[in-house]
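A short worksheet on the structure shown next.
Only the coordinates and a few stated rules stand behind these numbers; no lab work does. These numbers come from a predicted model, not from an experiment. FYI the Cβ positions are ideal-geometry reconstructions off the backbone, even for glycines, and counts take in every protein chain you see.
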Amino acid sequence: MIEFFLYSSLFTIWLMLFYHLFLMLGGYLFSIKHQQVNRSLPKDDTSLPIVSILIPAHNEEMVIKETIKSMVRLQYPKDKLEVIIINDNSMDATGTITDEYASKYEFINVIHNKPPFAGRGKSGALNVGLRQSSGEIIVVYDADNTPEPDAVRNLVLELQKDQKAAAVVGKFRVINHNKNLLTRFINIETITFQWLAQAGRWFWFKITSIPGTNFAIRRSVLEELGGWDVKALSEDTELSIRVYNLGHYISFIPTAVTWEQEPETFRVWWKQRTRWACGNIYVIQKYLLRFHKLKRKRIVIDLIYFLLTYFLFLGGILISHILFVLRLFFDFNLSIGLVSYVLLILGFLLFVTEVLLALSMEKGQLHRSNLFHVVLMYFVYSQLWLCLMLYSLCKEMKRTLFKQEVTWYKTQRFKGKLD
Amino acid sequence: MGQKKRKMSFYFCFIALLITMPLSITSVQAKDSMQENNPKIIVIYSSVNEEIDEHQRMLDMLLGHFSTNITFKPASQVKEMDFSQADYVFYYGQQREILPESFIKMISTYKGTFVSIGYNAYQFGERFDNIEWISNTAEIERITQMNNPTKEHPFDPTSILYINITEDEQTEILLTGHMKKKEYPLFLRKQNTYYLAATTIQHPLSIFVANALYEVFGESPAMNVDTHPGYIRLEDVHPMVNPNHLMGIAKILAEKNIPYMIAVIPVYTNPVTKEQHHFSDSPELIKTLKFMQKNGGSIVLHGYTHQFRLSETGEGFEFWDTENNMPIYHNQDEEVIIKTEDDFNTVSDYEQYLHEQKTHEKSYIEERLTKGIEELANYGLYPLAFEAPHYTMSQQGYQITSKYFSTYVGQLQLSDQDWKVMAAAPYITTPSFLHGMQLLPETIGYVDPEDPLALDKMIQNAKEHQIVRNGMVAGFFHPYLGVEVFQEFIQEMEKLPNINWIDLKEMNHNVQTEHVDIQAKEGNITVNMKRMGLFMSSWDYLSYHLKAILLKMLWGFAVIGGLAVLAFVYLTLINRKRYVKRGD
């Protein structure tokens, strides 16, 4: 019995590791390919379409100023640009700050969303913004984002070039990565996520998922979909799936970069990640049972991936952890022997080398202290992730059982020196 | 549905793969045979309550070397027709008795070879008119054989019957007993009539009687130049044995080109934790045993757990309850109340009770033999013979075992009342109470670490058995004693002259269960396994193979994972170089 658990956990863990290994390879190949393609973007502005940038903001006084400033800095013809800040029932100075900028710049608009229409979370705010916008292409930024000046332009050019793409996703980087150990971990995590999951999936399967910020999507597609799903906790994952289901795809370009603020305290990180995890579990629940109804089977790969990550991989790692601990105290007389230790060490080495490869694709990220952080991450951050997943699973299960309403938790911002 | 089908077909492919795995193993060497003309022997006996006990069985073992066709009958029940087809008639007067007139008459008219042993022979009148019956007690301490009258073989004083020879001319004395300066005729012949002046044929008498029996069956006994079959048996090889010791010994034997036996116990029971360990828990041992099987070793099943109650494997008795000195008529945790006929109201109740006991023992032995054979065969280890733990087993046990095995190795328990009554024949034999099984007797003992003289004693025993023509020289060794002790032992064994080490594979053996059929012949082992049935009978059998495959896959994972690590390091270094080049 024990052996059965051991073998099955090893198998699931390693199947997932192989999948990740495969994705990482795709990410690497994509980076090579992209360097060659990216040299030839047009300089002509006349054919650029009208773009509406939606920025939902709820109590964002700490960060909104920088965000608006970065909008001003955008290298995009201002007559073709419409920035819509949806001030979603803020109790702080967000309203006044945004109004101030709106009066100064014509292309900046503010919608003050008050009860009873307010407080429906990010999806609700985005839907309000969408109704008020006029752009042919909709771009979304979170209120804590400071995109690089060419980010929107790169997103739009990609959409123009690739008519079949319904949306295009850029890359996000961590602005406060040097703040503390947690933000350093998050920095490494986001870089790895984008090269492994985003670029890797894009390269092999032409699948990317919308990360909630720094993406452009055609208005026509949004209208066809009827906007964002207000019930979804992770509106981005949900939207991605619906886009794919329509028969479109989402492309990934690493040249559209935005810098965003990441949680600086564990408590905030925990709340934010719980929301994401619960959101993803919601998506799995929603689509897994209606699996056969999905028109585009390609997205099934992603759903299965989610399913594997959230249930099997998690289960596998848990069992493996439990067995590891139990084996310190009891002798199960397992016949598996040496290979289990070899796999244990190799699993760790794979993690480290995969992350290092991802870091090596970003300028200035491959240095000695990051090597130390990667090793530490395996023992600390990854294990925290495990706890978080378990917690989220329980929470989501409870919610389903008691049919609780979704409450949207807004990530707390930090005032900081922006570099 | 489609997917399900695919899965099913995968499963069948897998089973088919297992079924077609190569099943035969080859090796070399040759061997001599015995009973060529298989005479019919009838043994008529006088005993307490006309029952067959250890005395008759000892004679059975000695005769079994010359024939597989031996019939025992009490003197009161002999009929004329029993004699009609007999090539040899034996009478064993182990108990004093007035013999039936009819029987005496049959003997007097019988023309074939007649051998009388022990009491009552005077009643045959003129057949033994060359003998003067003096008394029932005499003691001897030395024996000489007819073909070498000057060579005296000493031993502890042993009782025989005291006779004198009245007529010297036609009488040959095959064996003579000596006490101090006095001589006692012990085994003598007048034409085709023989007399053995002893009521029991225990060791050491059995050695000389065995040799003299060659005269009875028309062959000449040992002349000290013939070769002797022998074997070395590695004892008590269970799943917790150190594979290194075993491998060390296996390599020595392979190098010396000495074939040998391995007494294997499939399950080790920890006496403290009661945990059971199987060979599947020690892949290293399975590998070692397979190496041995390919390089001169032959596997002998040595019980299933080598214990009954909670004793340790290798220590306990499996087919005998030593606490109550009785066969396994009950479960291990059952309280044992021994009942006699007086405890029952009717005879049929008592018979019913006996029947239940026998049935219990039967299913107990059957289960353990089946499991033992099938479990080993599932690993690819093919037992060719059986050896009961501590050589203890009831008469019914031998009968049941004969349904599974054609060869038995070791010594035989001769009494159903006391396990301590056991003996080995001095040569290979097929006594009737083994129901067709051939006995490869163990004759010289084992290397006892407690006894500094153990090796000397073994050599002494070996020399004693070389007195007998075809006398067996066989002993055993516990591998836990280590490679060095084994070196010493094997060096001593090699000094023994004229030994032909038995390779079990070269002889004919047949081992059978419902799902497994193992045949050995001329160096080849042929195995037929009904794998489907085997896998259905216990999940463990299939899971062993599945695990082996899974383990291989996991190693495959490790190789791919290792390569990926190397590849990632390489790509990372390339990326770093690229940035350096671009000046980022």
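Some points to look at:
- FRET efficiency for B:E484 and B:E284, using Cβ-Cβ distance with R0 set to 22 Å, rounded to 0.05: 0.55
- With contacts taken as Cα pairs under 8 Å at a separation of at least 6 residues, the range A:30-263 carries a relative contact order of 25 percent.
- Taken along the Cα-to-beta-carbon direction at a fixed 7 Å, the label points for A:L307 and A:W276 span 2.3 nm.
- Neighbour net charge for B:V209 - beta-carbon separation under 14 angstrom, K R +1, D E -1: -1
- Between amide H atoms placed 1.01 Å from N, distances below 5 Å from B:V115 occur with B:V89, B:F90, B:Y91, B:Y194, all of them 5 or more places distant or on a separate chain.
- Each Cα pair under 8 Å and six or more residues apart adds its separation to the average, and for chain A the resulting relative contact order is 21 percent.
- Label-to-label distance, nm, for residues given as B:N136 and A:E223 (7 Å Cα→Cβ offset): 12.6
- Qualifying trypsin sites (Lys or Arg not before Pro) for the range B:436-531 [loop in DSSP, other Cβ within 10 Å: at most 15]: B:K530
- Under the span-like rule (Cα at least 27 Å along the axis, Kyte-Doolittle mean at least -0.5), DSSP H helices of chain A: A:2-37, A:266-288, A:338-360, A:381-402
- Amide H to amide H distances under 5 Å link B:Y427 with B:M472, where only residues 5 or more positions off or on other chains count and H is placed in the peptide plane.
- Prolate is the label for the range B:40-216, because a/c, from the alpha-carbon gyration tensor with a ≥ b ≥ c as root eigenvalues, is 1.5 or above and a/b exceeds b/c.
- At an R0 of 30 angstrom, the distance between the Cβ atoms of A:F4 and A:L376 translates into a FRET efficiency of 0.35.
- Extending 7 Å from Cα along the Cβ direction at B:L453 and again at B:N257 yields two label points whose distance is 3.7 nm.
- The range B:345-422: C-alpha gyration tensor shape, a/c 1.5 cut-off, then a/b vs b/c: oblate
- Helix B:347-379 and the longest principal axis of the Cα set of chain B meet at an angle near 40°.
- A:V128, B:V336 arranged by Cβ crowding within 10 Å, fewest neighbours leading: B:V336, A:V128
- Here r is the Cβ-Cβ distance between B:E341 and B:S311 and R0 is 30 Å; the resulting FRET efficiency, rounded to 0.05, is 0.40.
- Prolate/oblate/rounded label for the protein assembly as shown (Cα gyration tensor, a/c 1.5): prolate
- Here is how the number arises for chain A: DSSP H runs of 4 or more residues each give -39500 (n - 2.57), the sum is divided by the residue count, and the result at 222 nm is -17500 deg cm²/dmol.
- Taking every residue in B:550-557 and counting other chain Cβ atoms within 10 Å of its Cβ, the average works out to 6.
- Chain B, helix-only ellipticity at 222 nm - DSSP H runs n ≥ 4, -39,500 (n - 2.57), divided by all residues, nearest 500: -11000 deg cm²/dmol
- With respect to chain B, whose longest principal axis is taken over its alpha-carbon atoms, helix B:54-63 is tilted by about 80°.
- Degrees, to the nearest 10: B:454-465 long Cα axis against longest axis of chain B: 50
- Over chain B, relative contact order from alpha-carbon pairs under 8 Å, at least 6 apart, %: 15
- When each of B:T305, A:T96 is scored by the number of other beta-carbon atoms lying within 10 Å, the sequence from fewest to most is A:T96, B:T305.
- Here the extension length gained between A:L393 and A:Q160 equals 79.8 nm, from 0.36 nm per residue of separation less the Cα-Cα distance.
- Per-residue 3J(HN,Hα) values for the range B:391-407, derived from phi via the Karplus relation 6.51 cos²θ - 1.76 cosθ + 1.60 with θ = phi - 60°, read 6, 9, 5, 7, 4, 5, x, 5, 5, 5, 4, 5, 6, 9, 10, 9, 9 Hz in sequence order (x marks Gly and Pro).
- Amide H within-cut-off set for A:V140, under 5 Å, with H built and near neighbours excluded: A:L54, A:N214, A:F215
- Note on B:271-279: average number of Cβ atoms from other chains within 10 Å of each residue's Cβ is 1.
- Per-residue ³J(HN,Hα) for the range B:176-193, Karplus 6.51 cos²θ - 1.76 cosθ + 1.60, θ = phi - 60°, Hz, x for Gly and Pro: 10, x, 10, 10, 6, 9, 8, 10, 10, x, 10, 10, 9, 10, 10, 6, 9, 10
- Reducing the range B:191-258 and the range B:389-416 to their Cα centroids gives an inter-centroid distance of 18 Å.
- Our coupling estimate for the range B:489-500, obtained by passing each phi through the Karplus curve with A = 6.51, B = -1.76, C = 1.60 and θ = phi - 60°, is 4, 5, 4, 5, 4, 5, 6, 5, x, 6, 9, 10 Hz, Gly and Pro reported as x.
- Violating pairs (Cα-Cα greater than 32 angstrom) within the set B:K190/B:K403; A:K69/A:K363; B:K73/B:K521; B:K274/B:K547: B:K190/B:K403; B:K73/B:K521
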